[in-house]
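Below is one structure, written out as structure tokens, with a few remarks after it.
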């Protein structure tokens, strides 16, 4: 299941797959004495986790309790040039001359 095998680059702290408070609630949900009810809950939990494994947005919002990404329609934020290709070309030329 891809949900349980996250890929994290070396040197980075891996994100927890499930937030501690969500995991605690999952444990409370699974804690029941009736074996038939427990099997039903296990099946429901497996199905929910299987659905989450196919949907990264649901994983981050429901399991890790992360805020959804902010998508802005504003194109001009009046911050000036973020990247200037003219200076990048001159930097390439300077680096070539040093080599």
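The values are calculated or read from the model by the stated rules, or taken from the named source; none is laboratory data. None of these values were measured; they are calculated from a predicted model. Neighbour counts are summed over all protein chains in view; Cβ atoms, including those assigned to glycine, are modelled from backbone coordinates with ideal geometry.
Quick test of your reading of the structure: residue 73 fulfils all but one of (1) assigned to a helix (DSSP H, G or I); (2) at pLDDT below 95; (3) exposed (fewer than 11 other Cβ atoms within 10 Å of the Cβ). Name the failing condition by number.
(1)
List, please: which pairs have Cβ atoms under 8 Å, are six or more places apart or on different chains, and start with a residue in the stretch 12-24 that is at negative phi and without any contact (Cβ under 8 Å) to a residue 24 or more places away in the chain and end with one that is surrounded by fewer than 10 Cβ atoms within 10 Å (Cβ to Cβ) and in a loop (DSSP other than H, G, I, E, B)?
14/8
Could you please let me know if residue 65 is assigned to a helix (DSSP H, G or I), touching a helix residue (DSSP H, G or I) at 6+ places or on another chain (Cβ under 8 Å) and surrounded by 12 or more Cβ atoms within 10 Å (Cβ to Cβ)?
On the way: assigned to a helix (DSSP H, G or I): no; touching a helix residue (DSSP H, G or I) at 6+ places or on another chain (Cβ under 8 Å): yes; surrounded by 12 or more Cβ atoms within 10 Å (Cβ to Cβ): yes.
No, not satisfied.
Identify all residues within the stretch 14-24 that are more than 15 Å from the chain's Cα centre (by Cα) and either surrounded by 12 or more Cβ atoms within 10 Å (Cβ to Cβ) or over 16 Å from residue 59 (Cβ atoms) (or both); write none if there are none.
Pass one, the stretch 14-24, residues more than 15 Å from the chain's Cα centre (by Cα): 20-24.
Correct list: 22, 23, 24.
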